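Worksheet: one structure, shown below.
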Amino acid sequence: DAEVLGIADGDCIRLWNDRGACLATAQVSDSVRQGVVVLPTGAWFTPSGNSGLEIAGNPNVLTLDVGTSQFGQGCSAQTCLVCIENYAGASVDAFEHYQEKLVALTAVQGREHR
């Protein structure tokens, strides 16, 4: 699928559906079945301005927010349908966003960040 879509290892790609959109870095592998995309969870939610585009690769913007039951509230399914394309927008760096927040959180009054 990646070759047909013009996607190569390391490309910034946009994944989207009717629930949302996020950016991720492509890692092309023959170990993933054709027609399937794997996007591990673990990224903080990092929206980019008013566009609604999540820039840190958080798959939660693509999936339904429905618990398994009123008791457990676990994730009901970790699958969804998405569209994929190479990202043609301006370059974004989620880690730059995190670094700015970290500096603000760890700043000591009267001292500069080193």
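The values are calculated or read from the model by the stated rules, or taken from the named source; none is laboratory data. If you're wondering where the values come from, they're calculated on a predicted model, not measured in any experiment. No Cβ is skipped: glycine too gets one built from the backbone with ideal geometry, and neighbour counts run over all protein chains shown.
Checking each residue in the stretch 51-86 for being of a type in the set (A, V, I, L, M, F, W, C) and in a loop (DSSP other than H, G, I, E, B) picks out Ile55, Ala56, Leu62, Leu64, Val66, Phe71, Ala77, Cys80, Leu81, Val82.
Provide a single number: the residues in the stretch 27-54 that are in contact with a helix residue (DSSP H, G or I) (Cβ under 6 Å, 6 or more places away or on another chain) and within 27 Å of Glu3 (Cβ to Cβ). Residues in the stretch 27-54 being in contact with a helix residue (DSSP H, G or I) (Cβ under 6 Å, 6 or more places away or on another chain) and within 27 Å of Glu3 (Cβ to Cβ): 4 in total.
Is it fair to say Phe45 is within 23 Å of Ala24 (Cα to Cα) and modelled with pLDDT of 80 or more? So Phe45 passes the test. If the condition is being under 18 Å from Asn86 (Cβ atoms), touching a strand residue (DSSP E or B) at 6+ places or on another chain (Cβ under 7 Å) and in a loop (DSSP other than H, G, I, E, B), then the stretch 17-50 contributes Asn17, Ala26, Val37, Leu39.
Any idea which residue in the stretch 51-109 is surrounded by the fewest Cβ atoms within 10 Å (Cβ to Cβ), counting only those that are within 15 Å of Cys22 (Cβ to Cβ), modelled with pLDDT under 75 and not hydrophobic (A, V, I, L, M, F, W, C)? Once the filter is applied, the top-ranked residue is Asp93.
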